[in-house]
Amino acid sequence: MTPGNGERHDDGRGESPAQRADRRWNELLQELRVAQTGTQILFGFLVAVVFQPRFTELGTTDRMIYVVTFCLGAATTGALVAPVAVHRLVAGRRLKPETVNWAARLTLVGLVLLYLTMVSTFLLITRMVLDDGIALVLVAVMALWLALCWFMVPLVARRNGTNGNGNGNGRTGDNYGPWPH
C-alpha cells in the first residue's frame, strides 16, 4: 500500500508512518543517552582544567588548543542536546517524522563535533606529557581509530546492507555475526 492518509505500508516491519517515527525516536533517545553522558563528562573536565594550578604554565599553542577544544566541547553539547529542544518546541503539532529527521541530523552533527572534541582533547593531553612528535603520531592513530569505529564501519555496514531484502545484512540467509562469511 502507499503510505499516507493513515494507511499502513509494508516496510518489512508492518509499521504505520507514525509507528515508525515513534520507534525511530525511541532508538534515537537511547543513542543520545550514551553520547550525552560521555559529552557531559568530557565537557565538565574541560571546564575544570582552566581552574587547575598548572593551567597557567601552558604556552600560547596549548592555550589555543584548549580554547578550540573548549569551543568544540560546547558546540558538541549544544548539538547533542538540541534534539530535546526540537522535540519540546514542536511536540503536539503532529510533526513526529520531521522531528525525528531533524533530531537525527543534529545527532550526527553532534557526533562529528564529539569526534573533533575527542581528537583535540587527546592532542592537548598528549602535548602535556610527551614530545610533540610522539604526541602527533598518537593523535593521528587515535583520530584514525575513532574515524574507523564511528564512521567507516557504519558507512560500510550501510553500503552493504541496502539491497532491500529486508534482513538488514545485505545478504540472504542467516549470516549473523560481526564478521563476513
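Under a Cβ-Cβ cut-off of 12 Å, what is the net charge of the residues other than T107 that fall near it, where Lys and Arg count +1 and Asp and Glu count -1?
+1
Inter-part distance, region 40-72 to region 83-114, computed on C-alpha centroids, equals 30 Å.
Remark: spin-label model distance I41-A74 equals 2.4 nm, labels positioned 7 Å along the Cα→Cβ axis. Kindly identify region 102-142 as rounded, prolate or oblate by the Cα gyration tensor criterion: order the square roots of the eigenvalues as a ≥ b ≥ c, call it rounded if a/c is under 1.5, otherwise compare a/b with b/c, prolate if a/b is larger, else oblate. Here region 102-142 falls in the prolate category. Would you mind classifying region 46-94 by shape? Square roots of the alpha carbon gyration tensor eigenvalues, ordered a ≥ b ≥ c; an a/c under 1.5 is rounded, otherwise it is prolate if a/b is larger than b/c and oblate if not. Prolate, because a/c is 1.5 or more and a/b exceeds b/c. Positive-end ranking of Y66, Q19, I125 along the dipole of region 1-160, with charges on Cβ about the Cα centre, is headed by Q19.
When M152, M118 are compared by accessible area of protein heavy atoms, the largest-first order is M152, M118, using a 1.4 Å probe. A probe of 1.4 angstrom, applied to the heavy atoms of all protein chains, finds I41 with accessible area near 120 square angstrom.
With all protein chains in place and ligands, DNA and RNA left out, the 1.4 Å accessible area ranks W25, W145 as W145, W25, largest first.
The values are calculated or read from the model by the stated rules, or taken from the named source; none is laboratory data. Remember, predicted model here, so these are calculated numbers, not experimental data. Here Cβ is always computed from backbone atoms with ideal geometry, including for glycine, and neighbour counts include all displayed protein chains. The area values use the complete protein model at the heavy-atom level, side chains included, leaving out ligands, DNA and RNA. Shrake-Rupley method; radii C 1.70, N 1.55, O 1.52, S 1.80 Å.
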